[in-house]
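Chemist: Next up is a structure, given as structure tokens.
The values are calculated or read from the model by the stated rules, or taken from the named source; none is laboratory data. Every value quoted in this text rests on a predicted model; they were computed, and no experiment measured them. Glycine gets a Cβ as well: all are built from the backbone with ideal geometry, and neighbour counts include every protein chain shown. Quick note on the areas: whole protein, heavy atoms, side chains included, nothing else; ligands and nucleic acids left out. Shrake-Rupley method; radii C 1.70, N 1.55, O 1.52, S 1.80 Å.
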Amino acid sequence: MLKSKLCQLLGIEYPIIQGGMAHVADGKLAAAVSAGGGLGLIGAGNAPGDWVREQIRVAASLTDKPFGVNIMLLSPFVKEVAQVVAEEKVRVVTTGAGNPSRYMESWKAAGIFVIPVVPSVSMTKLVVRAGADAVIAEGGESGGHVGELTTMVLVPQVCDVAGVPVIAAGGIADGRGLAAAFMLGACAAQIGTRFLSAYECGIHPLYKEKILAATDIATITTGKRLGHPVRSLKSPFSRAFYKAEYSDMSDEDLEAMGVGALALAVREGDWQRGSFLAGQSAGMVKKEQPAAEIIREICEEAEPLLKGAGAWVE
Amino acid sequence: MVFDAIKKLIVEFNDSDPDAITLETTFKDLGIDSLDTAELLINLEETVGKEIELDEEVTTVGDLVAFVEKKLKE
Ligand SMILES: Cc1cc2nc3c(=O)[nH]c(=O)nc-3n(C[C@H](O)[C@H](O)[C@H](O)COP(=O)(O)O)c2cc1C
């Protein structure tokens, strides 16, 4: 049995958070992860408040374990979603793309445990000062929107300044990664890409197929020029985007090119036009399994590694 | 005063040409993204000796100057 401060704080069994993936992580996936002893998150992405409320109720109807919602701070619906999570008294909120300071007061009043995703040391300082209960240090190996730093260098530097529990994310897909995250100073891992292969993950079968077939070099980051790079599988769409990025296409046109592409991948499995977000760890995802089994497998693999760590010392 | 402090921090930060930084210059033109802004802000707090909660979008150097001046008056 792994021991982790985050498990104690949240009342969960395993130190694993399933990333709140836009268009992917609905109430069903979040509930399956939470029922399996981890912490499941609903990905609010750019969805309106009503959808988020509905998914919170779906998750609550499937499990009485704690779960959370990931809020993308650049969403056009961020204000109403921020209110919905407070009204529904969700146990945990994670945030992406910025500093959630302006919502902190209302979330704290609702008893919510707030965990911003941080891509740098300065952002860590700012969100902790604003009242973050923990932080997720997410390295650029991860799928979706990515920062420049790798998990290996970001996590220890965030741990040095955070003063609150740190969760490592980006590139973790098995027990070795989880054990390494502990060694870097984190007390849990947030995992996205591996959960794409969960039975309870409702993405298009072709998306899953492509993840299972992915190799170590199957992903690419695009959109650096726009200031918010994204990691996805190499595909006709991401290759075309990459080319366009280094052409004389305007930023506006380039931005427009990406709109709706993730939804096409998730719902239609459109290999030509879809954006199949995935992390570098896609190459480590080998089979479709229940979410609970993924969690158990990772933790059971990490345990002997951590116990055996003494072998390095005389 | 605030403008000069910010200008100095930007120059130290990425070797921008100080003469090219005006109130109208955008952070994008200076190659400064939101993460860089977070770091600039922390450094600026050390200079002015006060915590500054950046809860507005800032596009130009002038936006940041106005924002910081407002916060310093509060
Ligand atoms: C398809 C997909 C969509 C994602 N969407 C979001 C999102 O909306 N908000 C967010 O904070 N993180 C998002 N992420 C990042 C995950 O929450 C998580 O931090 C990341 O996947 C961890 O790295 P890994 O992919 O190497 O496991 C997404 C990741 C993927 C693969």
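Chemist: Would you mind stating whether B:Ile32 is hydrophobic (A, V, I, L, M, F, W, C) and either within 16 Å of A:Gly98 (Cβ to Cβ) or within 14 Å of chain A (Cβ to nearest Cβ) (or both)?
Modeler: Yes; evaluated as a whole, the condition is true for this residue.
Chemist: Also, I was wondering about something else. Among what's in region B:6-19 and is open to solvent by 60 Å² or more (accessible area, probe 1.4 Å) and part of a helix (DSSP H, G or I), pick the residue that is farthest from the other protein chains (Cβ to nearest Cβ).
Modeler: Top of the filtered list is B:Asp19.
Chemist: If you don't mind, another one. Right, A:Ala25: modelled with pLDDT of 95 or more, assigned by TED's automatic domain parsing to the domain that holds A:Ala189 and either in a helix (DSSP H, G or I) or open to solvent by 10 Å² or more (accessible area, probe 1.4 Å) (or both) or not?
Modeler: no
Chemist: In this structure, is A:Asn70 under 24 Å from A:Phe276 (Cβ atoms), modelled with pLDDT of 95 or more and polar (S, T, N, Q)?
Modeler: When the stated conditions are applied, A:Asn70 passes them.
Chemist: With within 11 Å of the ligand (Cβ to nearest atom), touching a strand residue (DSSP E or B) at 6+ places or on another chain (Cβ under 6 Å) and assigned by TED's automatic domain parsing to the domain that holds A:Ala292 as the only criterion, which of A:Gly20, A:Gly98, A:Gly38 stands out?
Modeler: Just one listed residue meets the conditions, A:Gly20.
Chemist: Please count how many residues of region B:20-38 are of a type in the set (D, E, K, R) and either in contact (Cβ under 8 Å) with a residue 60 or more places away in the chain or buried (at least 17 other Cβ atoms within 10 Å of the Cβ) (or both).
Modeler: 1
Chemist: Go through (1) farther than 30 Å from A:Glu54 by Cβ; (2) away from chain B (no Cβ under 14 Å); (3) among the hydrophobic types (A, V, I, L, M, F, W, C) for A:Val128 and report which single condition fails.
Modeler: Failed condition: (2).
Chemist: Among the residues of region A:78-125, which ones are open to solvent by less than 40 Å² (accessible area, probe 1.4 Å), within 11 Å of chain B (Cβ to nearest Cβ) and touching a residue at least 40 places away in the same chain (Cβ under 8 Å)?
Modeler: A:Val118
Chemist: Still on this structure, please answer the following. Condition first: in contact (Cβ under 8 Å) with a residue 40 or more places away in the chain and open to solvent by 10 Å² or more (accessible area, probe 1.4 Å). Now tell me which residues in region A:215-245 satisfy that.
Modeler: A:Thr215, A:Asp216, A:Ile217, A:Ala218, A:Thr219, A:Thr221, A:His228, A:Pro229, A:Val230, A:Arg231
Chemist: Could you give every pair whose Cβ atoms fall below 8 Å, whose first residue belongs to region A:275-289 and is more than 14 Å from chain B (Cβ to nearest Cβ) and within 11 Å of the ligand (Cβ to nearest atom), and whose second residue is of a type in the set (Asp, Glu) and open to solvent by less than 40 Å² (accessible area, probe 1.4 Å), counting only separations of at least 6 or pairs across chains?
Modeler: Filtered contacts from region A:275-289: A:Gly279/A:Glu141; A:Gln280/A:Glu141; A:Ser281/A:Glu141; A:Met284/A:Asp174.
Chemist: Of all residues in region A:131-161, count the ones that are part of a helix (DSSP H, G or I) and more than 14 Å from chain B (Cβ to nearest Cβ).
Modeler: The qualifying residues number 7.
Chemist: Right, next: Being more than 10 Å from the ligand (Cβ to nearest atom) and under 20 Å from A:Ala22 (Cβ atoms) is the filter; apply it to region A:152-200 and report the residue that is most open to solvent (accessible area, probe 1.4 Å).
Modeler: Within region A:152-200, the match that is most open to solvent (accessible area, probe 1.4 Å) is A:Glu200.
Chemist: Take the residues of region B:39-54 that are free of Cβ contacts under 8 Å to residues at least 12 places away in the same chain and open to solvent by less than 60 Å² (accessible area, probe 1.4 Å): which is nearest to the other protein chains (Cβ to nearest Cβ)?
Modeler: Filtering region B:39-54 for residues that are free of Cβ contacts under 8 Å to residues at least 12 places away in the same chain and open to solvent by less than 60 Å² (accessible area, probe 1.4 Å), the one nearest to the other protein chains (Cβ to nearest Cβ) comes out as B:Ile42.
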